[in-house]
1. Answer yes if at least one residue in the range 197-216 is in contact with a Ser or Thr (Cβ under 7 Å, 6 or more places away or on another chain), in contact (Cβ under 8 Å) with a residue 60 or more places away in the chain and small (Gly, Ala, Ser), and no otherwise.
2. Which one is surrounded by the most Cβ atoms within 10 Å (Cβ to Cβ) among residues in the range 144-180 that are β-branched (Val, Ile, Thr) and in a helix (DSSP H, G or I)?
3. For residues in the range 211-262 being closer than 18 Å to SER297 by Cα and polar (S, T, N, Q), which is modelled with the lowest pLDDT?
4. Looking for something modelled with pLDDT of 95 or more, buried (at least 22 other Cβ atoms within 10 Å of the Cβ) and within 28 Å of SER168 (Cβ to Cβ) - is there at least one such residue anywhere in the range 36-53?
5. Mind checking which pairs have a first residue in the range 62-84 that is in contact (Cβ under 8 Å) with a residue 60 or more places away in the chain and a second that is assigned to a helix (DSSP H, G or I) and small (Gly, Ala, Ser), Cβ under 7 Å, 6 or more apart or different chains?
6. Considering only residues that are among the small types (Gly, Ala, Ser) and over 23 Å from the mean Cα position of the chain (by Cα), look in the range 215-273 and name the one that is farthest from GLY96 (Cα to Cα).
7. When the range 243-254 is examined, which residues are found to be part of a helix (DSSP H, G or I), of a type outside the set (Phe, Trp, Tyr) and farther than 15 Å from GLN271 by Cβ?
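The values are calculated or read from the model by the stated rules, or taken from the named source; none is laboratory data. Note that the structure is a prediction, hence the values are computed from the model and not measured. Here the Cβ positions follow ideal geometry from the backbone for every residue, glycine too, while neighbour counts run over all protein chains shown.
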Amino acid sequence: MKIGIIGLGKMGGKIAQRLLKYNHQVFVYGHHQDKVDFMVKNGGIGFDDMDRFIEEINTHETPIVWVMIPSGDPTNNVLMELGKKLKKGAIIIDGGNSNYKDSINTAALLKTKSINLLDIGTSGGLWGFENGYCLMAGGEKEPFDAIVPILKDLSAPEGYEYMGRSGSGHFVKMIHNGIEYGMMQAYAEGFEILKSKEEFNINLDKVSNVWQHGSIIESFLLNLTRDMFKNDPDLNNVKGWVEDSGEGRWTVLEALENNVSAPVITLSLLQRFRSRKEETFSDKVLASLRKEFGGHSIKEK
C-alpha cells in the first residue's frame, strides 16, 4: 500500500523502515534531512517540504498519512494542517501518545472536512522494528478496515486490534502506559532490596537472567533489565532522575474521575516525582529501563 509518514524519530523512523521491509510504498517527511536521506537510501520517497509531500499524497486514490511526532501542540498543529490540505476521504493516523480527549475532538473536526482520523496507540518501543508493534486503534471501522494490511505488517502476530470509537485507541494505550509505570516500579524496588542485602552480595545480572526462565514474573521488561545489568551492574553511569511523559498522570486522573482505586499506578507516578530530589538505586533502574525499551534519554553523571 501507499502511505505517507510524518516524523522520522525513534518510533516514526522504525515504522517507516518496517513498512519498507514489507514492500509498502512509503513517502516520508521530516525536519532532519539526514533522516529523510536515510529513508530514501532504503527505498522510501523523501520530501523536505510539507506542501510538496501533501501534493504527492493527494495523488493517491486514498491518501493515508501516519503522524508520529511528539504529542500536544506539535501533533495537533500537523493534524489541523493536514485537515486543511488533504482531499476528502483521506485517512490520518495519529500514532503518538496524544491525550484521548484531544483525539475525540480532532476526529470530530476532521470529520466535518470528510477526513478520517484513527488514533492508534503504538507500543513496542525500539524493539518494534524487529519484533513487531502492538497497535490499539480507535476511530470509525471503515478506515480501520482499509489500513489492515499496513497494521498486519507493522504488528507482532495478533498484535493489532480495533478498540472502538474515536479516542478509544489512545485511551487503551494510556492505561497500558499506566500499568507499565507500576510494573517498572515493582522491578526497581525489588532490585534495590536485593542490592541492599550486602552480606549476600547478590549478582543482579544472574537474578534477572534466572527469573527469565520459568518464573511467574518473567517479562519483556525483565529481559531488558537483564541486559541493563550486564552492561552496567551497579548503574554507575546513570543518574536516578525519572521523567514521566504524561500518560501516567492522565491514567491517575482518569481513575479519580471514575472513582477507581489505583494505588500502585498512583504511587509509581509519585515516586517519579520523588526521584528528581534524591537519588536511589531503584531510580537508576527505572531511568535505565526507560532508555532500554523506549530510547528515552537518561541523565548521566
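1. Taking the range 197-216 first, the residues in contact with a Ser or Thr (Cβ under 7 Å, 6 or more places away or on another chain) are 208.
Adding the requirement that they be in contact (Cβ under 8 Å) with a residue 60 or more places away in the chain leaves none.
Checked against the condition, which is being in contact with a Ser or Thr (Cβ under 7 Å, 6 or more places away or on another chain), in contact (Cβ under 8 Å) with a residue 60 or more places away in the chain and small (Gly, Ala, Ser), the range 197-216 yields no hits at all.
2. Of all residues in the range 144-180, those β-branched (Val, Ile, Thr) come to 147-148, 150, 172, 175, 179.
This time we only want the ones that are in a helix (DSSP H, G or I), so: 148, 150, 172, 175, 179.
Working: VAL148: 13, ILE150: 22, VAL172: 20, ILE175: 20, ILE179: 15.
Among residues in the range 144-180 that are β-branched (Val, Ile, Thr) and in a helix (DSSP H, G or I), the one surrounded by the most Cβ atoms within 10 Å (Cβ to Cβ) is ILE150.
3. For the range 211-262, the residue satisfying everything is SER245.
4. Scanning the range 36-53 turns up no residue that is modelled with pLDDT of 95 or more, buried (at least 22 other Cβ atoms within 10 Å of the Cβ) and within 28 Å of SER168 (Cβ to Cβ).
5. THR62/ALA146; MET68/GLY12
6. Kept after step one, since they are among the small types (Gly, Ala, Ser), are these residues of the range 215-273: 215, 219, 240, 245-246, 248, 255, 261-262, 268.
This time we only want the ones that are over 23 Å from the mean Cα position of the chain (by Cα), so: 215, 261.
On the way: SER215: 33, SER261: 27 Å.
That would be SER215.
7. So the first thing to find is which residues in the range 243-254 are part of a helix (DSSP H, G or I), and the list is 247-254.
From what's left, of a type outside the set (Phe, Trp, Tyr): 247-249, 251-254.
GLU247, LEU253, GLU254, listed by residue number.
Residues are listed down the side, and each one gets a yes or a no for (1) within 25 Å of SER261 (Cβ to Cβ); (2) without any contact (Cβ under 8 Å) to a residue 60 or more places away in the chain:
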position	(1), (2)
PHE129	no, no
GLY139	no, yes
ALA156	no, yes
GLU161	no, yes
GLY164	yes, yes
LYS173	yes, no
ILE179	yes, no
GLY182	yes, no
LYS195	no, no
